[in-house]
Amino acid sequence: MDDQTDQKPEEKPRDDDSQKPKKSSGSESGATPRSIGSLLLILAVALFLSLYLFNSPGSRGSYVSYDFFWDQLKHGNVKAVRTHGETLTGEWNEIPKNPEEDGGELAAEFNTNLPPVQLRDSELVTTLLEQEIEFDNDKTTVPFGVQFLVWLIVPILFLGFFWFMMRRSADPFSGGMMGNFIRSPARRFQASDQATTFKDVAAMEQAKRELQEVVAFLKDPEKFGKLGAEIPKGVLLMGPPGTGKTLLARATAGEAGVPFYSINGSEFIQMFVGVGASRVRDLFKQAKDSAPCILFVDEIDAVGRVRGAGVGGGHDEREQTLNQILSEMDGFQQSEAVVVVAATNRPDVLDPALLRPGRFDRHIIIERPMREGRAAILKVHSRKVPLADDVVLDKVAAGTVGFSGAELRNLVNEAALNATREGRDRVCMEDFELARDRVMMGAEREEVLNEHERRMTAWHEAGHALLAWHMPELDSVHKVSIIPRGRALGVTQLLPAEDRYNIGEQRLHSQLAMMMGGRAAEKLVFQEYSAGAEDDIKRATHMARRMVAHWGMSDKIGPVAFRQAEEHPFLGRDIHEQREFSEETARIIDTEVQRFMNEASEQAATVLTKHHGKLDQLAEELLDHESLDGDDVRRILGNSAAAD
């Protein structure tokens with residue numbers, strides 16, 4: 001479950017000693033020495049550039065065109081000249097009239113640009129000598145100001161940029177360039193009146209009971225020491241993404257009223273070897289100085305992977321960082337009253353040294369909430385949402401099996417957004433239904449199917465619904481739709497009456513038949529199969545293979561597990577492993593999977609043929625209305641087999 005409250009603990013600097021000088025931030029009135037130095041550097045550069053531009057030849061006097069200057073020279077109105085590369089400056093005998101009609105008066109000095117051909121023409125020099133006019137010239141070279149800019153200012157700017165980048169990668173609360181780089185970037189949250197507590201965490205009652213001992217220890221460490229009891233040094237929160245591991249850790253700190261340090265596992269790792277270990281030492285030092293406190297490491301699998309396994313790369317920096325974490329946790333004294341709480345959704349990749357007693361002693365598994373927990377979470381997230389009278393959160397919770405806390409929060413938000421788009425002042429049950437469809441299947445697609453595709457989709461979904469309706473082991477049909485959503489052209493939703501922890505063989509075979517119902521309906525009505533059954537076949541084949549090779553539901557295979565891949569316990573992904581059975585066994589497994597799939601397809605065809613008339617009636621209703629709910633299906637098909 002994700003964050004279920006908008007109130008966050010107040011974040012304060014990490015320095016607890018009130019006698020130490022507090023470091024001011026950029027938003028405070030006082031300026032730090034580093035900010036003053038940066039300001040002086042900028043002012044010096046700006047002053048230099050201003051002086052250089054002011055003293056450049058092109059800024060002396062008034063600028064005139066070369067043609068105007070030549071005309072004044074022939075009339076003897078030039079007193080002195082000086083060349084500066086391709087720029088010529090000089091003084092007038094008498095200030096001439098401005099050649100521009102709308103311009104102001106000219107200055108006593110002037111400057112102009114010499115054409116390249118005039119630089120080699122002797123007529124200009126001859127005229128100056130004949131009129132006995134003083135003239136001089138500078139070397140045609142790069143001005144001193146430009147040289148100074150290149151040789152001094154550019155390196156200073158480069159060093160300033162490097163210094164700025166080092167500050168960006170460092171902790172804003174510490175001092176010194178390299179000191180910042182090796183210090184821990186952990187964020188400290190101080191206890192406050194608005195701290196998150198267990199009251200703000202819906203469901204997860206078992207996990208909260210596990211953490212009550214940690215809270216009691218942090219409140220009164222001496223009480224446990226009198227009886228020789230040792231509180232766990234580390235608590236590992238394991239569960240799928242979005243189930244509220246971070247929220248639970250923050251609520252534990254708020255319940256105990258102690259400081260809370262938060263850091264992500266990836267923040268320890270840097271390109272320089274040894275930096276991560278230095279950050280770990282600095283983090284644990286801060287935690288010990290602030291004891292009692294909670295140190296929370298999110299996504300610890302980023303730094304705590306199995307050493308030497310090659311998963312994620314054999315990174316020396318990562319392994320050194322992990323070794324330092326192991327050393328720091330092993331060196332904790334019970335009197336320090338520092339509890340390390342870590343969270344991960346990849347517990348299978350963690351190093352065994354992290355999980356042994358003395359480090360992460362207590363492992364708490366946080367599963368997706370059950371029906372009562374989902375209803376409580378929905379109530380928390382809808383506290384600020386005006387609900388209509390027809391909204392029943394228990395019914396919404398019943399239709400969101402498998403949703404995590406974060407997904408339930410997104411569901412409430414999508415319902416509020418839909419009500420806003422429709423111009424309503426309250427969120428009604430229809431908004432929750434549309435929000436659930438959007439979360440589970442995606443937004444409605446705009447493309448329009450041709451008539452043949454619509455008819456084939458209608459009979460396909462009608463086949464799924466009719467099979468589910470006539471099989472007592474399956475859940476009741478909640479909605480049937482032929483509106484394209486996400487990557488699907490249609491959908492048949494089943495609404496479970498209760499959450500299940502186990503499933504029997506007969507129910508699995510019925511699910512296989514229901515998955516094959518759409519394909520069988522296409523063959524029965526249109527005498528051909530379509531590519532729309534690809535996902536049905538894929539999911540059914542995966543289930544059949546697990547029935548045969550994992551769950552021992554085949555008489556030919558027997559109660560033996562032939563695992564071709566190790567499934568991740570939380571993410572549902574497979575990690576490839578070398579096969580540990582023969583090719584003959586693999587052939588038998590494939591044969592049994594094919595038998596299960598063929599039997600399911602034959603069973604689906606038999607049921608659809610028996611109820612062909614109801615199948616056509618249901619499909620025609622779908623073509624007319626595009627979406628049918630459970631009551632509409634009951635009106636067409638009668639009572640379901642489960643009801644009988």
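The values are calculated or read from the model by the stated rules, or taken from the named source; none is laboratory data. This structure is a prediction, so every number in the text was calculated from the model and none was measured. Note that each Cβ is placed from the backbone with ideal geometry, even for glycine, and that neighbours are counted across all protein chains shown.
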What about residue 377, is it assigned to a helix (DSSP H, G or I) and either buried (at least 18 other Cβ atoms within 10 Å of the Cβ) or touching a residue at least 40 places away in the same chain (Cβ under 8 Å) (or both)? yes
Picking from 509, 460, which residue would you name as being in the same structural domain as residue 610 (by TED's automatic domain parsing) and surrounded by fewer than 22 Cβ atoms within 10 Å (Cβ to Cβ)? 509
Positions within the stretch 465-487 being touching a strand residue (DSSP E or B) at 6+ places or on another chain (Cβ under 8 Å) and either over 19 Å from residue 503 (Cβ atoms) or assigned to a strand (DSSP E or B) (or both), in sequence order: 465, 469, 476, 477, 478, 479, 480, 481, 482, 483, 484, 485
Considering only strands (runs of 3 or more DSSP E) fully contained in the stretch 76-167, which possess at least 2 residues that are at pLDDT below 65? 134-138
Of all residues in the stretch 331-356, which are surrounded by fewer than 15 Cβ atoms within 10 Å (Cβ to Cβ) and modelled with pLDDT of 75 or more? 352, 356
Within the stretch 391-414, of all residues that are aliphatic (A, V, I, L, M) and within 10 Å of residue 371 (Cβ to Cβ), the one modelled with the highest pLDDT is 397
In the stretch 401-457, what residues are buried (at least 17 other Cβ atoms within 10 Å of the Cβ), hydroxyl-bearing (Ser, Thr, Tyr) and outside any loop (DSSP other than H, G, I, E, B)? 457
Being under 42 Å from the mean Cα position of the chain (by Cα), buried (at least 19 other Cβ atoms within 10 Å of the Cβ) and modelled with pLDDT under 90: is that true of residue 633 here? yes
Touching a residue at least 40 places away in the same chain (Cβ under 8 Å), part of a helix (DSSP H, G or I), over 39 Å from the mean Cα position of the chain (by Cα) and surrounded by 12 or more Cβ atoms within 10 Å (Cβ to Cβ), is that true of residue 540? no
Those residues that are of a type outside the set (Val, Ile, Thr) and crowded, with 20+ Cβ neighbours inside 10 Å, I need them from the stretch 248-261; list them, please. 248, 249, 250, 251, 253, 254, 255, 256, 259, 260, 261
Which one is farthest from residue 476 (Cα to Cα), of the residues in the stretch 384-400 that are touching a helix residue (DSSP H, G or I) at 6+ places or on another chain (Cβ under 7 Å) and assigned to a helix (DSSP H, G or I)? 393
Residue match in the stretch 556-564 (condition: over 32 Å from the mean Cα position of the chain (by Cα), within 17 Å of residue 599 (Cβ to Cβ) and in the same structural domain as residue 592 (by TED's automatic domain parsing)): yes
Of everything in the stretch 582-626 that's surrounded by 14 or more Cβ atoms within 10 Å (Cβ to Cβ), under 21 Å from residue 479 (Cβ atoms) and within 44 Å of the chain's Cα centre (by Cα), which residue is modelled with the lowest pLDDT? 626
Does residue 524 fit the bill of being in the same structural domain as residue 613 (by TED's automatic domain parsing) and outside any strand (DSSP E or B)? yes
